[in-house]
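Asks: Below you will find the structure I want to go over with you.
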Amino acid sequence: MRAYYEPISRSVNDDTTTAHYQSTDYAQGAWNPFEQHMAVATGLMARELEQFFPRDDLAIARLSLDVLGVIYQGETVVRTRFIRTGRTIELIESTLSTFDKNGTERVSIIMRAWRLAVSDTSAIAGTEDASCSPIDLPDWDGMSVWDSGYINTLKAKVAHHRTGKSLVWFDTDIEMVADEPTSDFVHLIGMVDTANGIAMRTKDRVWIFPSIDLQIHLYRIPTGRWLGLDTVQQIGESGVGLTSSVLYDEHGSFGRAEQILTVRHIGKS
């Protein structure tokens, strides 16, 4: 089975779950070959949060990620714990650590998730987002500018694409963790960070624009295989940019994602 991660071990101690994994070549990032892609790291952490003392009466409504440093390829440790327990609201935190070139363990990402009470609000449910579907859309090779292990695992279809704005659909047949099923939630959340590469304001490689966070707000738990990203990228005049996306599954929109960018000129192409 092809997967982004190989499981190593798992333990539970004092309501903290510690899981060790080994990233595979499929997890390779787009900016540097020795890094993991933020998308799959997000998916792995979402998987840990999904499995952490799950409750049918609570649903994940927000995922907030801060990138503290390089997400190195290799051994990866995810630790998950409660920040706030509650009857109708819970806050959970996962940290993802990797090991630098000297073998020192460093926290690469902190993710916090709000779980909110589930109730029947169908009588007033509604969204204002335009409807869209991946059915009958043409294949898209626009991701070929990003030659990386993760990017090369993706299947893409395009509704529209121009500088600064795109609507692209993604799927992958790679499991998140080897020999273990991947839920629709983890499958889809594990591709959201891809948004930062589909509406670039420049393809000139003298510019880089990595994200240092990822904020995902959900008003519905997504299902299915295809993730739609209706994305705009906006860059200011002083080194800061923002990638914003409406998130879709095959049933319609289900949330929003925002990524703040550090935009830098790195010299000659």
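Asks: Quick check: anything in the stretch 29-36 part of a helix (DSSP H, G or I) and surrounded by fewer than 24 Cβ atoms within 10 Å (Cβ to Cβ)?
Replies: No, the stretch 29-36 contains no residue that is part of a helix (DSSP H, G or I) and surrounded by fewer than 24 Cβ atoms within 10 Å (Cβ to Cβ).
Asks: Restricting the stretch 146-161 to residues that are aliphatic (A, V, I, L, M) and outside any helix (DSSP H, G or I), which is nearest to the chain's Cα centre (by Cα)?
Replies: L154
Asks: For residues that are modelled with pLDDT of 95 or more and basic (K, R), scanning just the stretch 217-269, find the one that is surrounded by the fewest Cβ atoms within 10 Å (Cβ to Cβ).
Replies: R264
Asks: Would you please name the residue that is surrounded by the most Cβ atoms within 10 Å (Cβ to Cβ), looking only at residues in the stretch 8-28 that are part of a strand (DSSP E or B) and in contact with a Lys or Arg (Cβ under 9 Å, 6 or more places away or on another chain)?
Replies: So the residue we want is A19.
Asks: Now, a different point. For the stretch 35-67, give me each residue that is without any contact (Cβ under 8 Å) to a residue 60 or more places away in the chain and at negative phi.
Replies: E35, E48, Q51, F52, P54
Asks: With the structure loaded, tell me whether M143 is of a type in the set (A, V, I, L, M, F, W, C), in contact with a helix residue (DSSP H, G or I) (Cβ under 8 Å, 6 or more places away or on another chain) and either free of Cβ contacts under 8 Å to residues at least 12 places away in the same chain or not in a strand (DSSP E or B) (or both) or whether it fails that test.
Replies: yes
Asks: Looking only at the stretch 162-184, which residues are touching a residue at least 40 places away in the same chain (Cβ under 8 Å) and not in a strand (DSSP E or B)?
Replies: Once the filter is applied, which keeps residues that are touching a residue at least 40 places away in the same chain (Cβ under 8 Å) and not in a strand (DSSP E or B), the stretch 162-184 yields G164, D173, I174, A178, D179, E180, T182, S183, D184.
Asks: Among the residues of the stretch 85-99, what is the count of those that are assigned to a strand (DSSP E or B), without any contact (Cβ under 8 Å) to a residue 40 or more places away in the chain and closer than 18 Å to M111 by Cβ?
Replies: 6
Asks: Okay, next question. Are any residues in the stretch 222-251 assigned to a loop (DSSP other than H, G, I, E, B) and either at negative phi or touching a residue at least 40 places away in the same chain (Cβ under 8 Å) (or both), and if so, which ones?
Replies: Scanning the stretch 222-251 gives P222, T223, G224, R225, W226, G236, E237, S238, E250, H251.
The values are calculated or read from the model by the stated rules, or taken from the named source; none is laboratory data. What you are looking at is a predicted structure, and each value in this text was computed from that prediction instead of being measured. With ideal geometry, Cβ positions are generated from the backbone for all residues, glycine too; neighbour counts draw on all protein chains shown.
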